[in-house]
Amino acid sequence: MENYGYTKTDGTKNQQQSNVPYRSEKKIPAAILGILVGWLALNKFYLGYTKEGVIQLVLNIVTFGAASIIPFIEGILYLFMSDKQFDDTYVYGKKGWL
């Protein structure tokens, strides 16, 4: 069964998969959530960062929404990362903040 690059691969690749580009399944949704509704911290919750999501929500309440610039910038950074780099950093590496 082919995985179309959606899972982390190790050093061994078969000949058939070498032509398929690596695609992240969480990069685009996380970026869109961060840009459009980042003030709700949905991008953090989507990536599985519950503690960081709660902190982001509290920051938005305390600063009256001024802290919502953080997920907006994160969403833009997600878009400019390569799919492999995004997965290694945020999906597998579990880096919660910029």
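The values are calculated or read from the model by the stated rules, or taken from the named source; none is laboratory data. Please read these numbers as outputs of a predicted model, since none were measured by experiment. Please note: Cβ atoms are built from the backbone with ideal geometry, for glycine as well, and neighbour counts cover all protein chains shown. With ligands, DNA and RNA removed, areas are computed over all heavy atoms of the protein, side chains included. Shrake-Rupley method; radii C 1.70, N 1.55, O 1.52, S 1.80 Å.
Quick look at the values:
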| quantity | calculated |
| --- | --- |
| Any pair with Cβ under 9 angstrom, 6 or more apart, that starts in segment 49-67 at a residue that is at positive phi and ends at one that is not in a loop (DSSP other than H, G, I, E, B) | G65/W39 |
| Filter result for F64 (part of a loop (DSSP other than H, G, I, E, B), open to solvent by 50 Å² or more (accessible area, probe 1.4 Å) and at pLDDT 90 or above) | yes |
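Residue-wise test of (1) at pLDDT 85 or above; (2) more than 10 Å from the chain's Cα centre (by Cα); (3) in a loop (DSSP other than H, G, I, E, B).
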residue	(1), (2), (3)
N3	no, yes, yes
L36	yes, yes, no
V54	yes, yes, no
N60	yes, yes, no
E74	yes, no, no
K84	yes, yes, no
V91	yes, no, no
K95	no, no, yes
